[in-house]
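Structure, as structure tokens:
The values are calculated or read from the model by the stated rules, or taken from the named source; none is laboratory data. On a predicted model such as this, the values are computed, not experimentally measured, just so you know. Backbone-built Cβ (ideal geometry, glycine too); neighbour counts: all protein chains shown.
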Amino acid sequence: MKIRTLIAGTILSSACAFAAPALAQSGDVSACLITKTDINPFFVKMKEGATEKAKELGVKLSTYAGKVDGDHETQVQAVESCIAAGAKGILITASDTKAITGVVKEARDRGILVIALDTPLEPIDAADATFATDNFKAGELIGEWAKATLGDKAADAKIALLDLSPAAPSVDVLRDQGFLKGFGVDIKDEKTIGDEDDPRIVGHDVTSGNEEGGRTAMENLLQKDPNVNVVYTINEPAAAGAYEALKSFGMEDGVLIVSVDGGCPGVKNVQEGVIGATSQQYPLLMASKGIEAIAQFAKDGTVPKPTDGLDFVNTGVNLVTDKPVDGVPSISVKEGLDRCWG
Amino acid sequence: MSETKSRDNDYESSLKDSDRAVAAFKPRRRGALGTAQHFLHGSPTMVPVIVLLLSVAAFGIAAPNFFSAFNLSLIMQQVAIVGILAAAQSLVILTAGIDLSVAAVMVMISVIMGRLSVEFGIPVPVAILLGLVCGAGTGLLNGLLVTKVRLPPFITTLGTWNIFLALNYYFSNRETIRSQTLDAEAPLLKLFGERFTIGGAVLTWGVVLMVVIFVVLWFVLNRTAWGRHVYAIGDDKEAAELAGIRTDRTLVSVYMLAGGICAVAAWASIGRVGSVSPTSFFEANLESITAVVIGGISLFGGRGSIMGPMIGALIVGVFNSGLRLAGVDVLWQLFATGWLIIIAVAIDQWIRKVSS
């Protein structure tokens, strides 16, 4: 009985293992896109970019998404399904960047190309390649812009920083520290938020990346010091909330707000002067480049190479503003609106 | 006739020398702690009130800029929305239920109000009215699932929480309606964000709304038959039923009222947030439960004053503001809130053990 079960099991599992690649060989190249959620416009745009490119190149695309941000279990199941389906490549924005590496290794061992989109895995070389925004650079751009815009007044600015969450994920740290470096603050350890002792910093607070959190955080920091005149925000919804708070304090005119993302409502807020400048990122490009890379890999086995000086493929970031300053490259609001997402 | 008879059979006259006192327990001497326990048992709202006063005093000393009319009124602005949700939550918890869907209902209704007025060009008052009706409708669904399908409230609202969240994303198309658009097309939606000043305090109509809701609920719960029925059901549903209360009908009406209050909170939240955002208030359902628990309402139902949760929401607001102004890392706000919950429930348990 025991032996029979064992044999049956072995036959069954090896049949599965062989059947899957066989299936893939007989048809077109197939690929998977796994996002954190399918709620956030950022990931919706990513899916659009991947779907379009896949159609163009004749790649068969399956998409999966977690239920909420942080839903690791669903992502593991998705990778397993992709392995079983004999995919040539997997594009993934991981919810749990450390824990996912186990199942990712399994996929790579079977010859599947795994590309991390937007969020690098930990360690970053757990994936074959990473296509992402340089979030540190995104922060630096708005920091440099704010500094140049203030001119001499930058020396005694009062800076409020509206971050994402108490957990301080890597994107939170990179943008925050990039901004401060761009502004000319000594950031000490660039992996830690809040270890700076520059007197120009009024404080940090968290926003959950939405309007409500942005407003409350801004109010708290204004209570700490009502002379705030530069506000960094993790994303544009938080910036919109910060603006509401400033308005309620009657301070909306004298304060410079900068942000990161480049979503359409955010760029419109740049147009109307709510946000001074924002760093725009390109989720659609990450996904379409990812699909191209998988198609290429299926053809001749080429693995994409990282951008010079970085450990990932930089999909680009542009400063969007209608008040450009010398020495900081930027694009106009009009161009930003053409390329915005969400 | 009766007089004569009583004189003839005057058995009771001999009683006049006996002990006339009504049967009574000997008063036992209680310590200071015991006296406090009894006092708090009689007036449960005093616990959160004392905690609130103590924490305001403590942060007033410890945190710079904390103790000013302006900052204290700002805290009220910050807690108003969660406070209103806590009012809805309290009603359900008083019946020994729980409503995990309050925040999802609120965000969904705010999206409905915003979309109807901005995208579909429906007059704003009509859109608000439709929103309120939808809010009561969500409560009707919750109430029917609890009473007719006999699902536990936790399961019911865990389910509807997800459903309303999904509908929220569907209705909103995952897009925010921007503040400037609302100013131009539907300023009435931002009514409760309007400010006025009294001395150095800056209040919004949202704060006034919160206080009015609590006062009205206090009156209804304490001075109407319906209100007493709500407490009775929470205390012992079977006994209430045997006493002739139509428990199912009352329960459905409780959930509908809670849904309606969530819809009012939705209107107020648009004023607070400035825009209509499908991603805001992600944790507000748990925050509302936190306020209720710290406010001294028992999760087992039937006990606690409706004013407690408003104080509870303020306590959380005071801790968050005070810790921020004292320059403490954000994670300690979570830490403090956690202990507040545990201590609040521990005190509640202790008061319940009151002896004789």
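Assorted remarks:
- Residue within region B:217-224 that is touching a Lys or Arg at 6+ places or on another chain (Cβ under 6 Å), in a helix (DSSP H, G or I) and within 19 Å of B:Leu299 (Cα to Cα) present: no
- Hits in region A:291-336 - residues which are in a helix (DSSP H, G or I), farther than 30 Å from A:Gly86 by Cα and out of contact with any helix residue (DSSP H, G or I) (no Cβ under 6 Å at 6 or more places or on another chain): A:Lys334, A:Glu335
- Residue match in region A:38-56 (condition: among the hydrophobic types (A, V, I, L, M, F, W, C), in a strand (DSSP E or B) and away from chain B (no Cβ under 14 Å)): no
- Inclusion of B:Leu251 among residues that are within 14 Å of chain A (Cβ to nearest Cβ) and either among the basic types (Lys, Arg) or crowded, with 21+ Cβ neighbours inside 10 Å (or both) is not warranted.
- Residue, farthest from B:Ile177 (Cα to Cα), within region A:247-283, restricted to residues that are in a helix (DSSP H, G or I) and away from chain B (no Cβ under 11 Å): A:Pro283
- If only residues of region A:240-289 that are at pLDDT 95 or above and within 15 Å of the chain's Cα centre (by Cα) are counted, the one that is surrounded by the fewest Cβ atoms within 10 Å (Cβ to Cβ) is A:Gln280.
- Residue in region B:44-59 that is at pLDDT below 80 and either closer than 30 Å to B:Ile261 by Cβ or within 14 Å of chain A (Cβ to nearest Cβ) (or both) present: yes
- Residue match in region A:146-155 (condition: among the basic types (Lys, Arg), in the same structural domain as A:Ser208 (by TED's automatic domain parsing), part of a helix (DSSP H, G or I) and more than 26 Å from B:Phe335 (Cβ to Cβ)): yes
- Count of region A:180-193 residues, restricted to those that are more than 18 Å from A:Ala148 (Cα to Cα) and crowded, with 17+ Cβ neighbours inside 10 Å, is 2.
- Summed over region B:146-200, residues that are within 28 Å of the chain's Cα centre (by Cα) and acidic (Asp, Glu) total 1.
- Candidates A:Asp322, A:Asp326, A:Asp311, filtered to the one that is outside the structural domain of A:Glu52 (by TED's automatic domain parsing) and under 20 Å from A:Asp134 (Cβ atoms): A:Asp311
- Matching residues in region A:204-227 - criterion: being at the interface with chain B (Cβ under 7 Å from one of its Cβ atoms) and part of a helix (DSSP H, G or I): A:Glu211, A:Glu212, A:Arg215, A:Thr216, A:Glu219, A:Asn220, A:Gln223, A:Lys224
- For region A:174-203, a residue qualifies if it is in a helix (DSSP H, G or I), closer than 18 Å to B:Val330 by Cα and more than 14 Å from every other protein chain (Cβ to nearest Cβ), and exactly one does: A:Gln177.
- Qualifying residue in region A:235-252 (condition: farther than 14 Å from A:Gly214 by Cα and among the polar types (S, T, N, Q)): no
- Subset of region B:173-196 (residues that are charged (D, E, K, R) and surrounded by 17 or more Cβ atoms within 10 Å (Cβ to Cβ)): B:Arg174, B:Glu175, B:Arg178, B:Lys190
- Residue match in region B:266-276 (condition: under 18 Å from B:Ile93 (Cα atoms) and at pLDDT 95 or above): no
- When B:Ser305, B:Ser288 are screened for being among the small types (Gly, Ala, Ser), away from chain A (no Cβ under 12 Å) and under 30 Å from A:Ala160 (Cβ atoms), only B:Ser288 passes.
- Unique match (being aliphatic (A, V, I, L, M), within 17 Å of B:Phe214 (Cα to Cα) and either surrounded by fewer than 24 Cβ atoms within 10 Å (Cβ to Cβ) or within 14 Å of chain A (Cβ to nearest Cβ) (or both)) among B:Leu257, B:Leu299, B:Leu325: B:Leu257
- Failed condition for A:Asp71, given (1) under 17 Å from the mean Cα position of the chain (by Cα); (2) touching a residue at least 60 places away in the same chain (Cβ under 8 Å); (3) farther than 24 Å from A:Val303 by Cβ: (2)
- Just so you know, in region B:69-78 the residues that are more than 10 Å from chain A (Cβ to nearest Cβ) and not small (Gly, Ala, Ser) include one that is surrounded by the most Cβ atoms within 10 Å (Cβ to Cβ), and it is B:Met76.
- Given (1) closer than 30 Å to A:Tyr243 by Cβ; (2) away from every other protein chain (no Cβ under 14 Å); (3) free of Cβ contacts under 8 Å to residues at least 12 places away in the same chain, index of the condition B:Val149 fails: (1)
- The residues listed here are A:Ile90, A:Ile159, A:Ile115, A:Ile142; of these, the one that is modelled with pLDDT of 95 or more and touching a Cys at 6+ places or on another chain (Cβ under 8 Å) is A:Ile90.
- Filter pass, A:Glu244 being outside any strand (DSSP E or B), of a type in the set (Asp, Glu) and within 11 Å of chain B (Cβ to nearest Cβ): yes
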